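Values in this text are rule-based calculations from the coordinates and carry no lab data. Please read these numbers as outputs of a predicted model, since none were measured by experiment. Cβ placement follows ideal geometry from the backbone for every residue including glycine, while neighbour counts extend to all protein chains displayed.
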Amino acid sequence: MFSKKVSYWGILPLAFLFGCQTASRNSESIEPPSWESPTRSQSPSSHLETLAILGTNDIHGNLAPIQMKAQHPATGMIEFEAGGAATLSSYIDILRSEFGDRLIWLDAGDQFQGTLESNPSGGATMVQFFNFQKLNAAAVGNHEFDFGLSSLTERMKEAQYPFLAANITETKSGKRAEFPNTYPHVLINAGKLKVGIIGLSTLDTPKTTRAKSVQTLRFDNLKEATLRESEALRKKGAQIILLTAHVGLDCPSASRNAATYQLRKPSDIQEVCNGQDEMVRLLETLPTGTVDAVVSGHSHTIVHHWIGGVPVVQAGSYGRYLNVVYLTYDFTLRRVLPDESRIEGPIPVCTQVFQNQNDCNGDRPAPKNGRGPLVTPRFHGKPVFPSERVKALVEPMIQKAEQYKKSPVGTAAQKLDHFRTTESPLGNLVADAMRYLTKSQFGLINEGGIRAPIQQGLITYGDAFRSMPFDNAVSVVKVTGHELLNILRVAESGSRGLASVSGLTLKLVDLSMEAPVSDLSGDGKFEIWETNRLMEVKKSNGEAINPNEIYTLATADFLVAGGDDLKWAMSKIPASRIQLDTGLLIRDALVQYVEHHGTINTSGTPLIDPTHPRITFGRPLVKKMKLRQTRRKKRHRGHATG
């Protein structure tokens with residue numbers, strides 16, 4: 001709770017954000033001169049109460065810190081770590097020491113899938129960590145379904161925190177899906193306040209997990225579910241309502257400036273978020289007061305914004321950041337004070353930080369004076385060290401995975417980056433590997449099937465697993481040229497980024513421009529995946545694609561099953577021409593391909609050949625068509641969003 005006499009928010013920007021002018025002498029990061037904790041200005045008789053809502057999302061099994069590398073002008077390549085359960089816990093412990101039961105920790109889903117520390121147990125190790133650190137509640141992410149319903153059910157039983165799913169129903173009955181320890185909302189006590197928490201899952205879930213796992217489930221309208229649960233919570237006496245939602249949004253400038261850690265207030269100038277994203281559409285249509293703050297996930301973006309007057313946070317992915325939302329409630333006015341809300345973040349989760357950056361982001365350009373040495377981070381005036389308690393819990397899990405992770409596979413002469421909206425070096429490598437191992441004519445991999453770049457230097461099995469955590473199999477499909485063009489049209493529509501190809505060259509309408517759209521599915525709606533960005537498709541040798549000729553395409557079983565919007569295109573191919581499971585995982589294809597070639601992405605054979613790029617961009621050829629289709633798309637936009 002904040003005193004009106006001592007303005008906490010007035011002190012914080014100077015005391016916390018900017019710190020001293022000189023570095024501390026004990027190899028720690030810049031030390032703020034003071035930290036005015038909200039607990040210090042709290043009075044038992046005060047009519048104000050402040051909560052701290054800690055938000056995490058899309059940790060994807062990352063119990064161990066991620067091993068990173070960055071170029072240092074003086075010492076060459078420098079190694080460092082980012083994220084990790086033990087370091088994340090230190091930040092949580094500091095906040096808990098300040099706020100006690102006024103700290104609420106919410107996770108916005110995708111907890112389990114993604115690492116050798118988590119996947120073999122189906123996510124059980126992650127549940128152990130969340131139990132140990134007393135997570136308050138979690139949303140259900142699309143990748144929670146990756147290991148199947150029976151596995152998810154076991155994780156829900158093991159959890160000592162509730163899973164929240166207000167918009168998941170049974171397809172046949174229309175009733176709320178019955179999972180153990182799962183509720184549409186919960187009501188908890190935090191300090192002197194009653195706080196309601198609602199959970200939502202993205203409507204994209206059936207398209208972004210294994211279809212078989214969710215075939216009996218329906219993901220219902222986000223607004224209707226939120227209004228229903230908010231009303232129920234207010235009737236139960238909820239004074240504050242929070243939303244934890246595996247529902248994405250993108251605020252592009254914020255994502256580019258992810259390292260800008262600061263305290264934000266509602267009156268600050270903020271970037272414009274994408275108005276077509278699920279979370280943005282939801283918050284802009286909810287009545288004022290429906291929810292008071294949101295912890296979001298799914299899009300792996302950095303978000304610290306007010307949308308429709310509601311503070312919304314998202315912390316990227318893999319536990320590399322966290323955010324804190326502060327809400328102040330006035331018992332006299334019986335409402336949250338909007339002008340007093342604050343967002344602190346994105347807070348980098350680092351075992352050490354570059355002294356001149358105060359973060360462990362080696363991907364962003366170094367400051368003019370260099371990154372500086374790696375030093376101990378500080379948070380709220382206290383040094384941050386990995387929690388010994390949590391290290392004792394997770395170290396056996398990490399060590400068990402180490403024997404697999406350290407196995408050498410090959411060498412990356414240059415970093416294998418993964419770009420989602422342009423040609424991707426790592427995407428090209430994976431598409432090449434699938435094509436090569438199956439002796440197919442073409443290869444295709446969706447951008448979402450690759451989760452992390454591979455650093456320059458030795459490539460280990462752990463690197464390959466982190467990049468390709470999903471146990472997706474390589475499928476081989478015999479397609480006509482016409483069917484291939486249908487698949488490429490959807491895969492390159494921009495609805496899920498841009499897919500990577502092998503054996504082909506593509507010319508696409510630039511993603512910054514409108515392109516023609518047509519109702520491919522015949523349902524009277526216009527979806528983003530129905531946008532046609534294909535301008536030209538050729539074989540790598542320059543030959544045209546014959547619409548009637550049969551070709552072999554190596555791709556992911558997830559895509560053949562209709563994932564990432566490919567249901568319509570794949571449904572046109574007879575089952576007799578589909579080999580769904582070749583017995584080879586895509587990750588193993590990557591490993592075998594790198595092992596065979598030894599050194600990848602050399603200057604002589606770069607994965608992106610600047611003289612022969614696989615993907616180029618142009619302008620749409622027919623401007624009148626573009627304008628006409630744009631008008632039609634806007635007219636039908638309400639249908640497309642459900």
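A few remarks follow.
- Per-pair calculated FRET efficiency, R0 = 22 Å: Q270 and L333 via Cβ, rounded to 0.05: 0.30
- At q = 0.15 Å⁻¹, base-10 log of I(q)/I(0) for region 537-625 (Debye sum, equal scatterers on each alpha carbon): -0.99
- 5 Å binning of all Cα-Cα separations within region 38-184, expressed as whole percents from 0 upward: 2, 8, 15, 18, 15, 12, 11, 8, 6, 3, 1, 0, 0, 0
- The share of Cα pairs per 10 Å bin across region 515-564, counted from zero up to the longest distance, runs 18, 33, 44, 5 percent.
- Put simply, the amide H of L585, placed in the peptide plane, has neighbours under 5 Å in V474, leaving out anything fewer than 5 places away on its chain.
- Equivalent-ellipsoid semi-axes of region 391-452, from the Cα gyration tensor, Å, largest first: 30, 15, 12
- Remark: the chain carries a charge dipole of roughly 1280 debye about the Cα centre, counting +1 on each Lys and Arg Cβ and -1 on each Asp and Glu Cβ.
- What the Cα convex hull of the chain gives, in volume per residue, is 162 Å³.
- Converting phi to 3J(HN,Hα) with the Karplus coefficients 6.51, -1.76 and 1.60 and the offset θ = phi - 60°, region 361-371 yields 9, x, 7, 7, x, 5, x, 4, 8, x, 6 Hz in sequence order, with x at every glycine or proline.
- Those trypsin sites (Lys or Arg not before Pro) in region 362-398 that DSSP places in a loop and that have at most 14 other beta carbons within 10 Å: K368
- In sequence order, calculated HN-Hα J values of region 223-232 (Karplus, 6.51, -1.76, 1.60; Hz; x Gly/Pro): 5, 4, 5, 5, 4, 4, 6, 4, 4, 5
- Cα centre as origin, Lys/Arg/Asp/Glu Cβ charges: region 167-225 dipole, Debye: 40 debye
- Measuring spread by the Cα atoms of region 189-237 yields a radius of gyration and Dmax of 14.9, 45 Å.
- Once backbone amide H atoms are built at 1.01 Å from N, G141 has D110, Q111 as its partners under 5 Å, excluding neighbours fewer than 5 places away on the same chain.
- Electrostatic tally near S341: other residues with Cβ closer than 14 Å to its Cβ, Lys and Arg +1, Asp and Glu -1, net -3.
- If you take all other residues with their beta carbon under 10 Å from the beta carbon of S502, and give Lys and Arg +1 and Asp and Glu -1, the sum is +1.
- Full-extension gain in nm, N548 to E231, via 0.36 nm per residue minus C-alpha separation: 108.4 nm
- The tail of the calculated P(r) for region 60-146, taken as Cα-Cα distances beyond 18 Å, holds 53 percent of the pairs.
- The Kirkwood radius of region 413-525, taken over pairs of alpha-carbon atoms, gives through the Stokes-Einstein law at 37 °C and 0.692 mPa s a diffusion coefficient of 212 µm² s⁻¹.
- Between helix 388-405 and the chain there is an angle of about 10 degrees, using the helix long axis and the longest principal axis of the Cα atoms.
- Evaluating 6.51 cos²θ - 1.76 cosθ + 1.60 at θ = phi - 60° for every residue in region 510-526, the Karplus couplings come out as 3, 5, 7, 10, 5, 9, x, 9, 9, 7, 5, 7, x, 9, x, 10, 10 Hz, glycine and proline recorded as x.
- Residues whose placed amide H lies under 5 Å from that of L63, excluding near-sequence neighbours: none
- Principal-axis tilt of helix 149-158 within the chain, Cα atoms, nearest 10 degrees: 20 degrees
- For region 521-604, the list of GluC sites (Glu not before Pro) that fall in a loop by DSSP and count at most 15 other C-beta atoms within 10 angstrom reads E543, E549.
- Intensity falloff of region 103-239 expressed as log10 I(q)/I(0), Debye formula with alpha-carbon point scatterers, at q = 0.15, 0.21, 0.22 Å⁻¹: -0.73, -1.32, -1.41
- Between the C-alpha center of region 71-131 and that of region 178-226 there is a gap of 23 Å.
- The angle between the Cα long axis of helix 85-99 and the main principal axis of the chain comes to about 30°, on a 0 to 90 degree scale.
- Listed residue (L263, H300, T285) projecting farthest to the positive dipole end of region 242-320, Cβ model: L263
- For region 140-196, the Kirkwood radius over C-alpha pairs fed into Stokes-Einstein at 10 °C and 1.306 mPa s yields D = 125 µm² per second.
- 222 nm mean residue ellipticity, helices alone, for the chain (DSSP H n ≥ 4; -39,500 (n - 2.57); rounded to 500): -7000 deg cm²/dmol
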